[in-house]
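S.K.: Sharing a structure, written as structure tokens. Questions coming.
The values are calculated or read from the model by the stated rules, or taken from the named source; none is laboratory data. Please read these numbers as outputs of a predicted model, since none were measured by experiment. Methodologically, a virtual Cβ is constructed for each residue, glycine included, from the backbone with ideal geometry; neighbour enumeration extends over all protein chains shown. For the accessible areas, the whole protein counts, side chains as well, though only heavy atoms, and no ligand, DNA or RNA atoms are used. Shrake-Rupley method; radii C 1.70, N 1.55, O 1.52, S 1.80 Å.
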Amino acid sequence: MPLPFDSRTVFFTLEVLGTFAFALSGLFAARAHRLDAVGTFIAAFLAAFGGGTLRDVLLYQRPFYWVANTSLLWGVLVMALLASLLLRISSRWLSGGVFLVVDAIGLGVFSATGTQIAQQQGWPMLPCVLMGVITATFGGLLRDMVCNEKPILITDPSPYASIAFVGNWLLLALLHLQWLDAFWATASTAALITLARVVLAWWGVKLPQLDDGGGEAEKTS
Amino acid sequence: MPLPFDSRTVFFTLEVLGTFAFALSGLFAARAHRLDAVGTFIAAFLAAFGGGTLRDVLLYQRPFYWVANTSLLWGVLVMALLASLLLRISSRWLSGGVFLVVDAIGLGVFSATGTQIAQQQGWPMLPCVLMGVITATFGGLLRDMVCNEKPILITDPSPYASIAFVGNWLLLALLHLQWLDAFWATASTAALITLARVVLAWWGVKLPQLDDGGGEAEKTS
Amino acid sequence: MPLPFDSRTVFFTLEVLGTFAFALSGLFAARAHRLDAVGTFIAAFLAAFGGGTLRDVLLYQRPFYWVANTSLLWGVLVMALLASLLLRISSRWLSGGVFLVVDAIGLGVFSATGTQIAQQQGWPMLPCVLMGVITATFGGLLRDMVCNEKPILITDPSPYASIAFVGNWLLLALLHLQWLDAFWATASTAALITLARVVLAWWGVKLPQLDDGGGEAEKTS
């Protein structure tokens with residue numbers, strides 16, 4: 001099924017949104033850890049480009065999307081620079097709610113595009129789904145690992161990667177059924193994942209944690 | 001020297017064993033850190049596929065072994081799912097001894113196959129040996145790093161990577177001498193590394209730790 | 001502009017210096033964390049080869065520089081072996097000043113060569129500059145992450161990556177102006193970065209840290 005417009009351009013537009021959302025999560029982490037200008041850049045760049053770069057390495061996509069179009073790099077650079085100034089003035093302006101929404105956009109966009117690109121390369125279904133999850137979550141993982149923190153990904157019981165996992169299967173079904181062309185299937189899945197993330201986090205839905213029975217007792221004591 | 005059977009199939013069989021062994025180590029880590037279902041998947045997948053994927057990236061082997069045959073991914077997925085259920089019921093069923101043996105199988109298989117594949121690509125000896133060690137240990141390293149723990153690899157004085165290092169040199173010697181064909185040389189080295197790991201850990205052999213003389217005193221105070 | 005000698009050989013010579021400097025930083029980290037022989041190897045190898053290997057993966061340079069010429073690997077292996085012996089005897093022989101200088105050499109060499117190689121491949125300017133910074137800093141990042149420590153890169157307010165960032169832009173300007181051929185431009189930039197690092201660290205110059213106003217108070221309390 002042919003696309004009505006150049007798919008590279010479209011995915012790039014989606015990636016801009018996702019990248020800035022993840023870069024913002026890096027700025028939040030930098031503020032929480034009181035990093036200097038360089039640390040802020042590193043946290044923002046790892047969060048913004050970590051997942052997409054790993055995707056391009058694993059799928060052997062060259063040139064990297066941030067080499068083919070450097071405006072993304074410049075954008076995150078400017079964000080990190082402005083952050084260094086802005087965060088010093090405005091203290092707790094960007095609340096947890098804003099963070100949740102922008103991060104959910106990144107989750108939706110990168111998991112859907114990661115899955116779609118792998119599918120386009122003829123990968124089998126499960127690797128496609130996992131590639132989407134990896135693309136969406138690896139940047140945040142690196143961001144937290146570099147801050148020497150247990151990653152939010154594995155500590156926060158609020159559903160995140162699990163939503164991407166389910167959503168990516170839905171995307172594969174949509175691509176298979178061909179009701180929508182590849183772009184609209186990917187875009188609507190991205191929107192759905194974003195929505196599901198925000199709503200489930202808002203409702204306070206939590207995944208069950210593993211424990212051996214005496215877990216709660218040990219935690220409270 | 002021609003192989004009596006398709007080498008890809010044979011190595012895949014060995015990799016299945018090693019992968020499940022490492023995935024199990026991820027489940028143990030997930031339980032120790034009280035991770036939720038998603039965290040359990042991540043720990044299991046990183047431990048199981050981290051080393052082999054890095055090997056395939058460095059040696060530029062495509063498709064990845066988990067793309068060419070997705071049954072490995074499905075297997076680890078099911079393991080992680082069952083773990084979430086099983087570990088809640090049976091508390092301390094899988095003892096340290098079981099963990100030691102399965103992990104030793106993974107160590108043996110991945111270090112021998114990693115070395116053999118690099119040797120097949122015409123890499124020089126030391127890089128081949130190190131590639132084997134990396135393949136066998138990188139997954140565990142990632143598993144511990146994502147749990148924000150000092151990796152067992154560098155904290156445990158019990159010999160682990162060092163056994164793989166020595167074993168891989170032996171494998172290169174075997175491949176050079178051509179007493180056995182490539183498969184049997186690799187398989188027997190894998191078995192030997194596994195055996196050596198279990199026996200040395202059982203005997204409590206420890207590598208000497210670096211200190212400046214006053215190490216013990218500082219630790220106890 | 002043709003080089004008067006084989007550029008591969010020249011860059012390899014520079015890389016030898018940088019690699020041993022970074023390996024030494026790995027040995028220091030190993031001593032600080034009281035690692036055993038294997039841990040010492042891992043810290044030294046990650047610090048020495050982490051950045052250059054990531055550069056070769058991202059720029060798809062094969063064979064890896066440590067496969068094309070294994071003497072680097074052997075050198076670091078011997079360093080780690082001697083370290084295990086030496087560090088036990090001589091307690092605090094290698095002072096912070098020595099560490100600063102050797103590490104600055106590594107910073108200068110790897111950021112300049114990383115930038116130059118990316119530029120040679122026709123990458124745009126900002127990715128070239130960032131590739132240099134990544135090549136120079138990723139090894140140290142991995143070294144600290146594997147030791148489960150907040151990386152020096154993001155905690156130390158003394159300028160490090162920022163010097164490489166500025167220096168790499170200078171290198172691109174030099175390469176563009178063509179006053180010097182590629183080798184001398186790269187070598188002089190490497191020297192300049194090294195010098196700037198040592199001098200600025202000596203003077204105690206610090207980058208401003210992000211805080212929300214009440215930062216100092218919270219720290220002292």
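S.K.: May I ask you to report, in nm to one decimal and beginning with the shortest, the distances from B:Thr13 to the same position in the other copies, taking label points 7 Å along Cα-to-Cβ?
M.R.: Here the equivalent label points are 5.3, 5.3 nm apart from this one.
S.K.: Mind ranking C:Phe49, A:Phe12 by accessible surface for me, highest first, 1.4 Å probe?
M.R.: Reading off the accessible areas and sorting them downward yields A:Phe12, C:Phe49.
S.K.: Defining the label point at 7 Å along Cα→Cβ, can you sort the distances from B:Ser71 to the same site in each other copy, shortest first, in nm?
M.R.: In nanometres, ordered from closest: 4.9, 4.9.
S.K.: Moving on. With a ≥ b ≥ c taken as the square roots of the eigenvalues of the C-alpha gyration tensor of the range B:7-75, please select rounded if a/c is under 1.5 and otherwise prolate if a/b is larger than b/c or oblate if it is not?
M.R.: Details: a/c = 2.39, a/b = 1.94, b/c = 1.23.
Prolate is the answer for the range B:7-75, as a/c is 1.5 or above and a/b outweighs b/c.
S.K.: Please state the relative contact order of the range C:24-76 as a whole percent: Cα pairs under 8 Å, 6+ residues apart? Mind showing how you got there, number by number?
M.R.: Working: 28 pairs, mean separation 15.8, N = 53.
Taking the mean separation of contacting Cα pairs over the length of the range C:24-76, I get 30 percent.
S.K.: A further question follows. With each label point set 7 Å from Cα along the Cα-Cβ vector, what nm distance links C:Leu82 and A:Asp156?
M.R.: 4.9
S.K.: Give me the one-decimal nm value for the distance between modelled label points at C:Trp184 and A:Lys206, 7 Å along each residue's Cα-to-Cβ direction.
M.R.: With each label placed 7 Å out from Cα toward Cβ, I get 6.7 nm.
S.K.: Follow-up. Give me a single rounded figure for C:40-47: the average over its residues of other chain Cβ atoms within 10 Å of their Cβ. Write out the running numbers ahead of the final one.
M.R.: Numbers: counts 3, 6, 8, 1, 0, 3, 1, 0.
Per residue, the number of nearby Cβ atoms from other chains is 3 on average.
S.K.: Okay, next question. Could you derive backbone 3J(HN,Hα) for the range A:27-33 from the dihedral phi with the Karplus parameters 6.51, -1.76 and 1.60 (θ = phi - 60°), listing whole Hz in sequence and x where the residue is Gly or Pro?
M.R.: Result, ordered by residue: 5, 4, 4, 4, 5, 4, 9 Hz.
S.K.: Are any of the pairs A:Lys206/C:Lys150; B:Lys150/C:Lys150; A:Lys150/C:Lys206; A:Lys150/B:Lys150; B:Lys150/C:Lys206; B:Lys206/C:Lys150 more than 23 Å apart by Cα-Cα distance, and if so, which?
M.R.: Values: A:Lys206/C:Lys150 29 Å; B:Lys150/C:Lys150 12 Å; A:Lys150/C:Lys206 28 Å; A:Lys150/B:Lys150 12 Å; B:Lys150/C:Lys206 29 Å; B:Lys206/C:Lys150 28 Å.
In this structure, A:Lys206/C:Lys150; A:Lys150/C:Lys206; B:Lys150/C:Lys206; B:Lys206/C:Lys150 exceed 23 Å between Cα atoms.
S.K.: Still on this structure, I have one more. Residue by residue through C:141-154, how many Cβ atoms from other chains fall within 10 Å of the Cβ on average?
M.R.: On the way: counts 5, 2, 0, 2, 8, 7, 5, 11, 2, 7, 6, 0, 5, 13.
What the average comes to for C:141-154 is 5.
S.K.: Okay, moving on. For the range A:127-161 and the range B:105-121, what is the separation of their Cα centres, given in Å?
M.R.: Centre-to-centre distance over Cα atoms comes out at 29 Å.
S.K.: Ordered shortest first, which distances in nm separate the 7 Å Cα→C-beta label point of B:Pro124 from those of the other copies?
M.R.: 3.8, 3.8
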